[in-house]
Amino acid sequence: MKKIIILAIVAVSALFAQVNEAVEVPYISYEIKMGKGFETVDANCLMCHSFGYIINQGPQSKDFWYKKTIKMIEHFKAPITKEDTVIITDYLFQHYGNGKLK
Amino acid sequence: MQRRDFLKASVAASAVALSTSAFAGITTQPIDSRKPSKIAFPEKKPLITYSDRPPLLESPRETFSRSITPNDEFFVRWHMPDIPTYIDTEAYRISINGLVEKELSISLKELKNDFEQVEVTSVLQCGGNSRSAFKPIAGGIQWGSGAMGCAKWKGVRLSDILNRAGIKKDAQWIGFNGSEKAIYYETPNFVREMKLDELDDHVIVAYEMNGEDLPYLNGFPVRLIIPGHYSDSWVKMLSNITVTKEYQSLFFMDIAYRVPDNATESETPEKRFKTTKPIAIMNVKSVIGYPTNETVVYHNSHVVVRGVAWDDGHGIKEVLVSIDGGKTWNTSILEKDVDRYAFRGFRFSFKPTTYGKVTIMAKAINRLGEEQPLAENVLWNHGGYKYNGIDTVTIEVV
């Protein structure tokens, strides 16, 4: 009898989530290099993704950061202006660049 | 640019040129020095954390000393910042629509009761796993080798679901939507497509992972399982399946997750190959779970090297282990073959007879005779996809 009860519980519980309420994804604070243009990065980039997503691309060329910014505009439809694109590229290249223009 | 800035930039540029010119377009071992974060994500142990929004978590090397990856150590990769953090299991439906005889809206209860239940043990690996091996640095998250795992998935064959809906004669493509959302309405949804003739009975809609509900971060309540294929199409929180005649041009199909369309799937940073193709099926690869690059052992003690090997489903024939930096290779003991798509565990025991650094390497060979290349022989591609170089760990003997 005990066995049957256990089986019944298993069958019912299979319809419930392991966590039966909303989960919370924690906020992680990444070390951010402050400098000219960071406010623009904050306003345009961090709207959609974390700072970690940026810095974990590794040190990259100016051309790479420019193309990434353009990708966000063209493919992901981020409303980033021309002026801000330049500021963002410069900030990322200065702080997370590999020294190469291309 | 001001003159002073230019000087600074050119000094930096020459420093970089000096340090990397010898490695231009040459791969190395992936980065292996990262530590799990102090903060754990829901239903997870603390893992290596690249981003919280979207969540990007990597399993540490130690995870791969076992051939089943525990759910709380399983890597996480989402594409959009807004992922559902609560699912009403009673109300959840998977819609099947498009070129079908009868549109379906399947509840979780129906999925678990009205279809044949099947299981597959399969590796789930990000196409960009080990990307940090590529030099010059390829675009994308600089994963080490832990953007992967292997679990026993339980669910329902996708073909059974489609057969119940009845596929119309003209149908050629199946599109899959997950429930993750972008911030901007105009951002393309994360939709993946599969050619109908590529669908086999191993593709399932899974609701269980290693005997438990899927963790939220791995796609609760249901995700697509496509054994043998990289995980870019294993759509999480699967909510919609649309059958179409024409291929829909989609960002996540046309731009992301593609490699050069040539025999070696490679190119050079200076001369990118013009046409690309989807990353598709996995190549043969192995990773050492123990020891790690931080392991210290006593001289003449018993060391058991453990790791996992896999390919696209042909199966692993053997894993060779070297304890002298690749000069000689020894046969390892393979664990039981659980499933052609699963991690094949391997182990090799030895007694270090020298002091100081000892370099351990593992090389998998599949049933087709394909074997892993040395890291430096893995050819470069701009997305940093499909790295499968021979894994290397250096321990210290005292």
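The values are calculated or read from the model by the stated rules, or taken from the named source; none is laboratory data. Only a predicted model underlies this, so the values are computations on that prediction, with no experimental measurement involved. Here the Cβ positions follow ideal geometry from the backbone for every residue, glycine too, while neighbour counts run over all protein chains shown. Side chains included, ligands, DNA and RNA excluded: accessible areas come from the protein's heavy atoms. Shrake-Rupley method; radii C 1.70, N 1.55, O 1.52, S 1.80 Å.
How far, in nm, would the chain grow between residue B:262 and residue B:314 when pulled straight, counting 0.36 nm per residue and subtracting the alpha carbon separation? List each step's numbers first, then the result.
Values: separation 52, 0.36 × 52 = 18.72 nm, distance 2.23 nm.
In short, 16.5 nm is gained.
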### Task
For segment B:274-279, just list the computed ³J(HN,Hα) in residue order, Karplus coefficients 6.51, -1.76 and 1.60, θ = phi - 60°, integers in Hz, with x standing in for Gly and Pro.
5, 9, 10, 9, x, 5
### Message
If I model a spin label as a point 7 Å beyond the Cα along the Cα-Cβ vector, how far apart are those points for residue A:74 and residue B:201 in nm?
### Response
4.5 nm
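Which whole number gives the average count of other chain Cβ atoms within 10 Å of the Cβ atoms across peptide A:41-52?
Numbers: counts 0, 0, 0, 0, 0, 2, 3, 9, 9, 9, 3, 10.
The mean count of partner-chain Cβ atoms within 10 Å per residue comes to 4.
For a Förster distance of 30 Å, can you work out the FRET efficiency between the beta-carbons of residue A:22 and residue B:97, rounded to the nearest 0.05?
Working: r = 28 Å, r/R0 = 0.95.
Efficiency at R0 = 30 Å is approximately 0.60.
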### Query
In what order, largest first, do B:391, A:63, B:197 sit by accessible area if the probe radius is 1.4 Å?
B:197, A:63, B:391
### Message
Taking 60 Å as R0, compute the FRET efficiency from the Cβ-Cβ separation of residue B:116 and residue A:36 and round it to 0.05.
### Response
0.45
### Query
What residue among B:134, B:176, B:343 shows peak mean-square fluctuation when chain B is described by a Gaussian network model with Cα springs under 10 Å?
B:176
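What is the sum of charges, Lys and Arg at +1 and Asp and Glu at -1, for the other residues whose Cβ falls under 12 Å from the Cβ of residue B:241?
Values: positive: B:93, B:164, B:192; negative: B:103, B:193.
It works out to a net charge of +1.
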### Summary
Mean other chain Cβ within 10 Å across A:27-35 is 2
### Task
List the lysines whose Cα lies under 18 Å from the Cα of residue A:36, skipping any in the same chain that are fewer than 8 positions away.
A:62, A:82, B:8
#### Entry: Over the protein assembly as shown, equivalent-ellipsoid semi-axes from the Cα gyration tensor in Å
36, 32, 22
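Could you rank B:247, B:86, B:184, B:385 by how accessible they are, 1.4 Å probe, largest area first?
Numbers: B:247 85, B:86 110, B:184 50, B:385 30 Å².
If we order B:247, B:86, B:184, B:385 from most to least accessible, we get B:86, B:247, B:184, B:385.
With the full set of protein chains in place, find how many percent of the accessible area of the protein assembly as shown is carbon and sulfur; take the probe as 1.4 Å. Please report the intermediate quantities before stating the final value.
Working: 12670 of 23280 Å².
Carbon plus sulfur share of accessible area: 54 percent.
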### Query
Dividing the alpha-carbon radius of gyration of segment B:212-345 by 2.2 N^0.38 Å (N being the number of residues), what value is obtained?
1.41
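Going through the cross-link list B:195/B:386; A:102/B:135; B:112/B:152, which pairs have a Cα-Cα distance over 25 Å in this structure? Please list the in-between numbers first.
On the way: B:195/B:386 21 Å; A:102/B:135 14 Å; B:112/B:152 16 Å.
Those over the limit do not exist; all pairs fall within it.
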## Note on the structure
Across A:53-63, the residue-averaged tally of Cβ atoms belonging to other chains within 10 Å stands at 5
### FRET efficiency for residue B:398 and residue B:330, using Cβ-Cβ distance with R0 set to 30 Å, rounded to 0.05
0.85
### Summary
With -39,500 (n - 2.57) per DSSP H segment of 4 or more residues and division by the full residue count of the protein assembly as shown, the 222 nm estimate, nearest 500 deg cm²/dmol, is -5000 deg cm²/dmol
### For segment B:234-281, the fraction of alpha-carbon pairs in successive 5 Å shells from zero, as %
5, 16, 20, 21, 17, 8, 8, 4, 0
#### Entry: Surface accessible to a 1.4 Å probe, residue B:314 within the full protein complex, Å²
80 Å²
## Note on the structure
So the angle from the long Cα axis of helix B:3-20 to the longest Cα principal axis of chain B, reported in degrees to the nearest 10, equals 80 degrees
### Simple spin-label estimate for residue B:170 and residue B:31 in nanometres, 7 Å along Cα-Cβ
4.9 nm
### Task
Give the residue from B:288, B:366, B:323 lying farthest towards the positive end of the charge dipole for segment B:225-368; charges sit on Cβ (+1 for Lys and Arg, -1 for Asp and Glu) and the dipole is referred to the Cα centre.
B:323
### Task
Please arrange B:265, B:58, B:370, A:24 by accessible surface area, largest first, computed with a 1.4 Å probe and ligands excluded.
A:24, B:370, B:265, B:58
### Message
List the residues of segment A:77-102 for which accessible area in the full set of protein chains is at least 20 Å² lower than for the chain on its own; 1.4 Å probe, protein heavy atoms only.
### Response
A:77, A:79, A:98, A:99, A:100
### Query
Amide H of residue A:78: which non-local residues (sequence gap of 5 or more, or other chain) have their own amide H closer than 5 Å, using H built in the peptide plane?
A:73
### Message
Quick check: from the Cα gyration tensor, does segment B:98-255 come out rounded (a/c under 1.5), prolate or oblate?
### Response
oblate
### Message
I need the P(r) histogram for chain B: all alpha carbon pairs, bin width 10 Å from 0 out to the longest distance, whole percents.
### Response
5, 21, 30, 25, 13, 5, 1, 0
### Query
How big, on average over all directions, is the shadow cast by the Cα convex hull of segment B:259-302, in nm²?
6.1 nm²
### Query
What nm distance separates the two modelled labels at residue B:255 and residue A:81, each placed 7 Å from Cα along Cα→Cβ?
2.3 nm
